[in-house]
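Take a look at the structure below.
The values are calculated or read from the model by the stated rules, or taken from the named source; none is laboratory data. Just so it is clear, the structure is predicted and the values come from calculations on it, not from any experiment. Reconstructed Cβ throughout: ideal geometry from the backbone, glycine too, with neighbour counts over all protein chains shown. These area figures cover heavy atoms from the full protein model, side chains too; ligands, DNA and RNA do not enter into them. Shrake-Rupley method; radii C 1.70, N 1.55, O 1.52, S 1.80 Å.
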Amino acid sequence: MITVEQEVEKVVRRWEGRFGANPADRGNWVNGKLIGTMMGVTPLALAAHRGVPADSLTQEDMKALTMDEVVAIGKSMFYKGTGLDRLPWGPTTSVLVDVGWGSGPHQACLFAQRLSGLTGADVDGRIGPKSVEAYTNWIRKVGWKASSQAVADMRANFYRMIAHGDQAQFLQGWLNRAVWGSPATKEWWAPWEADMPPLPEPYEAGGGRSVPKPVATASEPAAAVQRDSNTGITLTGATTLLGAGAPIIASVSGDWKIAAVLGAVAVLTGAGLLVYFLKIKNNSNTQSQLGG
């Protein structure tokens, strides 16, 4: 089966150029310093991956970037660092990784949730048990081909929606990339078709199958600005991945204060009531950490 590394490299070789330092491209700048982009990786993305200040990088650093490191960035920041690694791996998920590469991982996670049928507060751009359940069972229901096409269609519509003003000049390039990463394009689809992963087993959140914890933490951003050097796209990766749970945590805290009071009153009815509220708090905290 095609691996994450193989797919990232294939997309980069097809769509990303080498070094570029066009002053008109905002992704090439850091704090007023023109550093440039290499194989679609911006200074911000490279700095985040290496754990160094972005403005410490030079054009020579960017030019020396190897394909191995580009692939490592794709895997760590746009697959594992986003929660997409919790989803069944196959052509559909690989397209979502590329959506994250160009438009930010938060957007890729929103795509997965909306296409899976989630609505309301469950569409939060964070991959948790509900998202894994909905996505897994959606893939199982419609298959890899139809689901891959659905992502490509949503991607094209998203590009049309944002291609206004000075961004309109990039629309055709964005659409070309969306069509290429779909079953309609033999170059992309044939390798998957020749070695198609099996459909995932049915998944039920809380049904005994564990979901890995996300790789990203508060001290390790899940994404940085990423640029498609073939089309000039410059979009911001969603750091809201890390902060969207704050209202939920605050709500849980309020419930816990109430629980403590009720626990004190529970002397008359036994310790069972206190244990009950403790269990609610623990479950709520777990959900706030894992997302939708």
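More than 23 Å from Glu9 (Cα to Cα), among the basic types (Lys, Arg) and either at pLDDT 95 or above or open to solvent by less than 50 Å² (accessible area, probe 1.4 Å) (or both): which single residue out of Arg160, Arg209, Arg177, Arg155 fits that description? Outline the logic, then answer.
Working: Arg209 fails: either at pLDDT 95 or above or open to solvent by less than 50 Å² (accessible area, probe 1.4 Å) (or both); Arg177 fails: more than 23 Å from Glu9 (Cα to Cα); Arg155 fails: more than 23 Å from Glu9 (Cα to Cα).
That would be Arg160, the only listed residue that is more than 23 Å from Glu9 (Cα to Cα), among the basic types (Lys, Arg) and either at pLDDT 95 or above or open to solvent by less than 50 Å² (accessible area, probe 1.4 Å) (or both).
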Applying the selection to segment 145-167, what residues are within 19 Å of the chain's Cα centre (by Cα) and under 17 Å from Trp188 (Cα atoms)?
-> Ser147, Ser148, Gln149, Ala150, Val151, Ala152, Asp153, Arg155, Ala156
So which of Gly128, Gly117 ends up being open to solvent by less than 10 Å² (accessible area, probe 1.4 Å) and over 26 Å from Asp195 (Cβ atoms)?
-> Gly128
With (1) in contact (Cβ under 8 Å) with a residue 24 or more places away in the chain; (2) open to solvent by less than 50 Å² (accessible area, probe 1.4 Å); (3) under 21 Å from the mean Cα position of the chain (by Cα) as the list, and Ala54 as the residue in question, which single condition is left unmet?
-> (3)
Quick one: is Met161 of a type outside the set (Val, Ile, Thr) and in contact with a Phe, Trp or Tyr (Cβ under 7 Å, 6 or more places away or on another chain)?
-> no
Which one is most open to solvent (accessible area, probe 1.4 Å), of the residues in segment 193-206 that are within 22 Å of Thr3 (Cα to Cα) and assigned to a loop (DSSP other than H, G, I, E, B)?
-> Glu201
Would you check which residues across segment 31-46 are out of contact with any Ser or Thr (no Cβ under 6 Å at 6 or more places or on another chain) and either closer than 17 Å to Glu69 by Cα or open to solvent by less than 10 Å² (accessible area, probe 1.4 Å) (or both) and list them?
-> Ile35, Gly36, Met38, Met39, Val41, Thr42, Pro43, Leu44, Ala45, Leu46
Criterion (aliphatic (A, V, I, L, M), part of a loop (DSSP other than H, G, I, E, B), under 15 Å from Val95 (Cα atoms) and free of Cβ contacts under 8 Å to residues at least 40 places away in the same chain) met by exactly one of Ala184, Ala190 | Ala184
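Taking segment 60-94 as the search range and keeping residues that are of a type in the set (Val, Ile, Thr) and either touching an Asp or Glu at 6+ places or on another chain (Cβ under 7 Å) or over 27 Å from Pro129 (Cα atoms) (or both), which one is most open to solvent (accessible area, probe 1.4 Å)?
Pass one, segment 60-94, residues of a type in the set (Val, Ile, Thr): 66, 70-71, 73, 82, 92-93.
Still in the list and also either touching an Asp or Glu at 6+ places or on another chain (Cβ under 7 Å) or over 27 Å from Pro129 (Cα atoms) (or both): 66, 70-71.
Working: Thr66: 71, Val70: 0, Val71: 15 Å².
Checking each candidate, the answer is Thr66.
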Apart from one, (1) of a type in the set (D, E, K, R); (2) under 23 Å from Glu7 (Cβ atoms); (3) open to solvent by less than 30 Å² (accessible area, probe 1.4 Å); (4) in contact with a Ser or Thr (Cβ under 9 Å, 6 or more places away or on another chain) all hold for Asp98; the odd one out is (4)
Out of segment 8-30, which residues are surrounded by 18 or more Cβ atoms within 10 Å (Cβ to Cβ) and either in a loop (DSSP other than H, G, I, E, B) or in contact with a Phe, Trp or Tyr (Cβ under 7 Å, 6 or more places away or on another chain) (or both)?
-> Glu16, Asp25
